[in-house]
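Working notes for the structure below.
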Amino acid sequence: MGKLRAAQYACSLLGHVLQRHGASPELQKQIRQLESHLSLGRKLLRLGNSADALESAKRAVHLSDVVLRFCITVSHLNRALYFACDNVLWAGKSGLAPRVDQEKWAQRSFRYYLFSLIMNLSRDAYEIRLLMEQESSACSRRLKGSGGGVPGGSETGGLGGPGTPGGRLPQLALKLQLQVLLLARVLRGHPPLLLDVVRNACDLFIPLDKLGLWRCGPGIVGLCGLVSSILSILTLIYPWLRLKP
């Protein structure tokens, strides 16, 4: 499935590149047809995914963390609805249900897909916040244990106190820099979380473009879909890169 998705978005990106470089209309048409066939094949292989997504939602209901339970459950429910709409689209494109309004069901499908991705990114942001708090507390304990000061604490007073003109700005800049460094450290230490953030962020461009909320163009959509597909394949090859639960 991941390889088909990667091939489909590679075709989308290739078609955009060929169009920009003035390739022959016949070649462009062949690439579009190949992309369409790959898309239809993916829809066929996803006929049972709605049931899998519902099962995943049932398992997520039992998570102890309230925020994770909500984000993961809602994400899986939206994925189930997305796959259900995808099944209707497949029936329409394959000729089993020729009266299906393709545009209407495609819009529904991408809306559910977008809601699922928003929940996934919310879950990622929540886990990042928890890890940053843990890392910050651990750093503070190490500094106190070694007799050092806390970053951003009293030893930053040389930058200017609250009463000093312009004193607040350097302190805010230092705090922001520390937060960015802390974020980088957390993501570097948790590859599954970093991979999930990048994959969800790339996927987000696809429904945004298809729904007309943010027009990115076929080139950006193809590139983001290809990157996301490659990252998904990596999680299949190396299961430890898959974010759990």
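Could you say which residue among LEU47, LEU63, LEU89, LEU38 is over 22 Å from LYS244 (Cα atoms), surrounded by fewer than 16 Cβ atoms within 10 Å (Cβ to Cβ) and not basic (Lys, Arg)? First the steps, then the outcome.
Numbers: LEU63 fails: over 22 Å from LYS244 (Cα atoms); LEU89 fails: surrounded by fewer than 16 Cβ atoms within 10 Å (Cβ to Cβ); LEU38 fails: surrounded by fewer than 16 Cβ atoms within 10 Å (Cβ to Cβ).
When all the criteria are applied, what remains is LEU47.
Among the listed residues ALA106, ALA91, ALA97, identify the single one that is in a helix (DSSP H, G or I), of a type in the set (A, V, I, L, M, F, W, C) and over 22 Å from TYR9 (Cβ atoms).
Of ALA106, ALA91, ALA97, the one residue that is in a helix (DSSP H, G or I), of a type in the set (A, V, I, L, M, F, W, C) and over 22 Å from TYR9 (Cβ atoms) is ALA91.
Which one is surrounded by the most Cβ atoms within 10 Å (Cβ to Cβ), of the residues in the range 1-15 that are at pLDDT 90 or above and out of contact with any Ser or Thr (no Cβ under 7 Å at 6 or more places or on another chain)? Give the steps one after another, and end with the answer.
Looking only at the range 1-15, we keep the residues that are at pLDDT 90 or above, and these are 5-15.
With out of contact with any Ser or Thr (no Cβ under 7 Å at 6 or more places or on another chain) added as a condition, the list becomes 7, 10-15.
Values: ALA7: 17, ALA10: 20, CYS11: 22, SER12: 25, LEU13: 21, LEU14: 19, GLY15: 22.
Per the stated criteria, the residue is SER12.
Tell me yes or no: at least one residue of the range 185-196 is at pLDDT below 85 and of a type in the set (Asp, Glu). If you could, list the steps in order and put the result at the bottom.
Filtering the range 185-196 down to residues at pLDDT below 85 leaves none.
Checked against the condition, which is being at pLDDT below 85 and of a type in the set (Asp, Glu), the range 185-196 yields no hits at all.
Condition check: more than 25 Å from LEU40 (Cβ to Cβ), at pLDDT 95 or above, open to solvent by 50 Å² or more (accessible area, probe 1.4 Å) and within 21 Å of the chain's Cα centre (by Cα). Does LEU77 satisfy that? Reasoning before the result, please.
Numbers: more than 25 Å from LEU40 (Cβ to Cβ): yes; at pLDDT 95 or above: yes; open to solvent by 50 Å² or more (accessible area, probe 1.4 Å): yes; within 21 Å of the chain's Cα centre (by Cα): yes.
The answer is yes for LEU77.
Can you find even one residue in the range 75-95 that is without any contact (Cβ under 8 Å) to a residue 40 or more places away in the chain and of a type in the set (S, T, N, Q)?
No: zero hits.
Test each condition in (1) of a type in the set (S, T, N, Q); (2) over 22 Å from the mean Cα position of the chain (by Cα); (3) surrounded by fewer than 17 Cβ atoms within 10 Å (Cβ to Cβ) for GLN107 and report the one that comes out false.
That leaves (2) as the condition not met.
Based on this model, can you work out whether LEU54 counts as within 18 Å of PHE83 (Cα to Cα), open to solvent by 40 Å² or more (accessible area, probe 1.4 Å) and modelled with pLDDT under 90? Working first, answer last.
Values: within 18 Å of PHE83 (Cα to Cα): yes; open to solvent by 40 Å² or more (accessible area, probe 1.4 Å): yes; modelled with pLDDT under 90: no.
So LEU54 fails the test.
Quick one: which helices (runs of 4 or more DSSP H) lie wholly within the range 1-70 and hold at least 1 residues that are farther than 27 Å from ARG123 by Cα and touching a helix residue (DSSP H, G or I) at 6+ places or on another chain (Cβ under 6 Å)?
On the way: elements: 2-20, 25-45, 49-60.
Here the list reads 2-20, 25-45.
Any chance the range 187-198 includes a residue that's crowded, with 18+ Cβ neighbours inside 10 Å, free of Cβ contacts under 8 Å to residues at least 40 places away in the same chain and at negative phi?
yes
The values are calculated or read from the model by the stated rules, or taken from the named source; none is laboratory data. Please read all numbers here as calculations on a predicted model, not as lab measurements. Backbone-built Cβ (ideal geometry, glycine too); neighbour counts: all protein chains shown. Surface accessibility is based on the protein's heavy atoms, side chains included, excluding ligands, DNA and RNA. Shrake-Rupley method; radii C 1.70, N 1.55, O 1.52, S 1.80 Å.
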